[in-house]
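Here's the structure, in structure tokens; my notes come after.
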Amino acid sequence: MDLKEHSPLNVTAGWESLLEGLGRLRLETVELPEYLPKQRWFAGKSRGIKSIRIADWIPLNVLLNAPSDASQSALALVEVEFDTGPPDLYFLPLAMSFGDAENELQRSAPNAIVAPVLSQRGAGLLYDGAFDDQTCALLFSLIENASRINARQGSLRGIRGKAFLDLMVPAETTLQVRRSSAEQSNTSILFGDRFILKLFRRQEPGLNPDAEIGQYLAEKTNFDRIPPFAGSIEVDGLTGFDGKIASLAMLQGLVANEGDGWKWTLEDLDRYYETCAPLPFPENLSGELRGPLELSDKPPTQVARDHLGLYLEAGATLGRRTAELHLALGAPTDDPAFAPEALTDMDLQAQLTGIRQHASSVLDVLKERLSHLPDEVVKVAASVLSRRRQILDHFGSLNGDFQR
């Protein structure tokens, strides 16, 4: 953001002056339309923004009785209308800084800046609260203390998981706040080497499955192959959620790792195609190929072992863990939300129809954005679009495969 092109927003009267009245109008029509498309978690980059509205907001620190020097934090829910498709609702924690912190933010995280502001403390910045240590600490304390905040339209509450106290460090130890650099649709904040707080940016009515299922598996089953569930932040009755409870964030125990499986898989695929693409397909295997389900019952061939290497064993481990996960989810329970239900033909057809419709909409977007793509990928995109009918017909053939 070029701050010189934007006049400061007057925040002398606090969050009310910023999130109501003229300040709100300026955010909705000028600042947020420029800010949101730059964020990696914003899912509407392929659609044109029609309008933006601050659906609701909460001055976090005041309601938590935080000290006066932590008076610059608020939580906002922002609704985005597009020129096509349904609207999206986003969770945006906000913070303000003045003085030296302003210069550091412009250097280290310029895309986190929403707008310049001005108060009795002088010039400052309005920015994403995920980049403010004090705001992150307040979110953590909301869970730690299992606090409940009554907002104008509803309430906000922190839920402390059973694993929280086991993970918590001694009182005299400070948990250093860090941000994860991984590209993802949510925002992860690390607290020392003990906790990771995941902010669910794109919001939908109802509990987030990540938090709901994570808590159930950790606290109601014997499945222990997931990070410990340490807590969550939920909202109830706020505008935009159709009267349902929704999840803003989830706190988990931090598990040491050397990277994520998705990145490792992509790297292994690169290595595989680099080494195997020039090789002819083994003639003695051509007659043995069957469908994926039939092949899964057979041991891997030596050719597969030679070319897939360690990833073959990793895939087997992933398969076992997935099976263990589904056995845990399918076990008898007195929780109606997790009671096993039979998959009917109608359910299966609805799933396939939904997948096909999603694929169709993705191809529509690709066609609309074709002229905006870099030259090096236009040819590939055009090739994909030329196979539209073939791609969509594939989902119809899946129905027969599942029925067998």
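For I245, the residues 5 or more places off, or on other chains, whose built amide H falls under 5 Å of its own are G206. Taking amide H positions as modeled 1.01 Å from N, with prolines and chain starts lacking one, the residues under 5 Å from L238 and 5 or more places away or on another chain are S155. For K367, a cut-off of 24 angstrom between C-alpha atoms picks up these lysines, skipping any fewer than 8 places away in its own chain: K38, K45, K50, K379.
Modelled this way, with points 7 Å down the Cα-to-C-beta line, the labels at D210 and A359 are 2.7 nm from one another. For Q203, the amide hydrogen comes within under 5 Å of the amide hydrogens of L89, Y90, F91, counting only partners 5 or more places away or on other chains and with H modelled in the peptide plane. Specify the angular offset, from 0 to 90 degrees and rounded to the nearest 10, of the alpha carbon long axis of helix 375-386 from the longest principal axis of the alpha carbons in the chain. Taking Cα atoms only, the helix is inclined about 60 degrees. Each peptide among 35-41, 199-205, 330-336, 310-316 gets the average number of other Cβ atoms lying within 10 Å of its residues, and from highest to lowest they stand as 199-205, 35-41, 310-316, 330-336. In the context of the full set of protein chains, residues of the chain present 59 Å² of accessible surface per residue (probe radius 1.4 Å, heavy atoms only). Within the same chain, aspartates and glutamates fewer than 8 places from K198 are excluded, and of the rest, those with a Cα less than 16 Å from its Cα are D128, D132, D133, E144, E183, D210, E212, E234, D260. The trypsin sites (Lys or Arg not before Pro) of segment 309-395 that DSSP puts in a loop, and whose beta carbon has at most 14 other beta carbons within 10 Å, are R369, R387.
Applying a DSSP loop filter and a limit of 16 other Cβ atoms within 10 Å to the GluC sites (Glu not before Pro) in segment 319-398 leaves E341.
Backbone geometry of segment 153-165 corresponds, through the Karplus equation with coefficients 6.51, -1.76 and 1.60 at θ = phi - 60°, to 3J(HN,Hα) couplings of 9, x, 8, 10, 9, x, 10, 9, x, 5, 8, 4, 5 Hz, x marking Gly and Pro. Just the number, please: carbon plus sulfur as a percent of the accessible area of the chain, 1.4 Å probe, no ligands or DNA/RNA counted. So the carbon and sulfur contribution to the accessible surface is 54 percent. Karplus-derived 3J(HN,Hα) values for segment 105-117, using 6.51 cos²θ - 1.76 cosθ + 1.60 with θ = phi - 60°, are 5, 5, 7, 8, 8, x, 6, 7, 7, 8, 6, x, 10 Hz; glycine and proline are entered as x. Among the protein heavy atoms, those of H394 account for about 100 Å² of accessible surface (1.4 Å probe, every chain in place). In this structure M250 has an accessible area near 0 Å², from a 1.4 Å probe over the protein heavy atoms. Of the GluC sites (Glu not before Pro) found in segment 89-184, the ones in coil according to DSSP and having at most 16 other Cβ atoms within 10 Å of their Cβ are E172, E183. Peptides 53-59, 76-82 ranked from most to least packed give 53-59, 76-82, packing being the mean of other C-beta atoms within 10 angstrom over each peptide's residues.
The values are calculated or read from the model by the stated rules, or taken from the named source; none is laboratory data. Just so we're clear, the structure is a prediction, and the values are computed from it rather than from any experiment. Note that each Cβ is placed from the backbone with ideal geometry, even for glycine, and that neighbours are counted across all protein chains shown. SASA here: full protein model, heavy atoms, side chains in, ligands and nucleic acids out. Shrake-Rupley method; radii C 1.70, N 1.55, O 1.52, S 1.80 Å.
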